[in-house]
Amino acid sequence: MFKKFAFIILIFGMLLSCTRDDLCPADTATTPSMLVVFNDFQNSDNRKAVEGLSIETDDLERKIVVARSTTDSVVLPLDVNGQETAYRFIKTIITETDTIVNIDNILFTYDKNDVYVNRACGFRAEFRNLNAEWQSQGSESWIKQVIINRDSIVDETEAHLTILH
């Protein structure tokens, strides 16, 4: 009984000793990701979902960032430890007789700026001068054009990149 009472007092004391600066509020802005939308190549103002889309990092580990799905937008993280991030955009079409896999690579380069938030939250990264180097796979390419809408990534409120397909 005494151990339980002592534990409760210890927890209560720890909570009382925290100041406002010791806790990072859940609504505090953190490092933003890049918002990518997919639009119709024939009518670039219209959203067009990509069927069978998966996205993976283009490095030795090939981590899956987006599992195969049908979507008209994705949110992709950028590497905060460097100045470039490479992704493989994979479109898989499965028919009754065949599976067609088309892969396009995009290398994103940027300048990273660490911004101090406060003592509890620390720093967040912001990305400036975003550039996208699309590596077309020739006639097999499913991506037709890559458009940078905003070259600064400081929030996730509007699309940073539009991919026409």
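Each value in this text was obtained by applying a stated rule to the coordinates, not by laboratory testing. Predicted model, so just to flag it, every value in this text is computed and none were measured. A quick note on method: Cβ atoms are made from the backbone with ideal geometry, for glycine too, and the neighbour counts reach across all protein chains shown.
Computed FRET efficiency, Cβ-Cβ of ALA26 and TYR116, R0 25 Å: what is it to the nearest 0.05?
Rounded to the nearest 0.05, the efficiency is 0.85.
Using a cutoff of 8 angstrom between alpha carbon atoms and counting only pairs six or more residues apart, the relative contact order for the chain works out to 23 percent.
With each label modelled as a point 7 angstrom along the Cα→C-beta vector, the GLU84-TRP134 pair spans 1.9 nm. The H on the amide N of VAL50, modeled in the peptide plane, is under 5 Å from the matching H of THR71, ASP72, each at least 5 residues off or on a different chain.
A simple spin-label model places the labels of ILE100 and ASN149 2.8 nm from each other, with each point 7 Å out along Cα-to-Cβ. Rounded to the nearest 10 degrees, the inclination of helix 2-17 to the longest alpha-carbon principal axis of the chain is 70 degrees. Taking the Cα centre of the chain as reference, the dipole from Cβ charges on Lys and Arg (+1) and Asp and Glu (-1) amounts to some 780 debye. Where the eigenvalues come from the Cα gyration tensor of segment 2-164, what are the semi-axes √(5λ) of the equivalent ellipsoid, largest first, in whole Å? Listed largest to smallest, the semi-axes of segment 2-164 are 41, 20, 14 Å.
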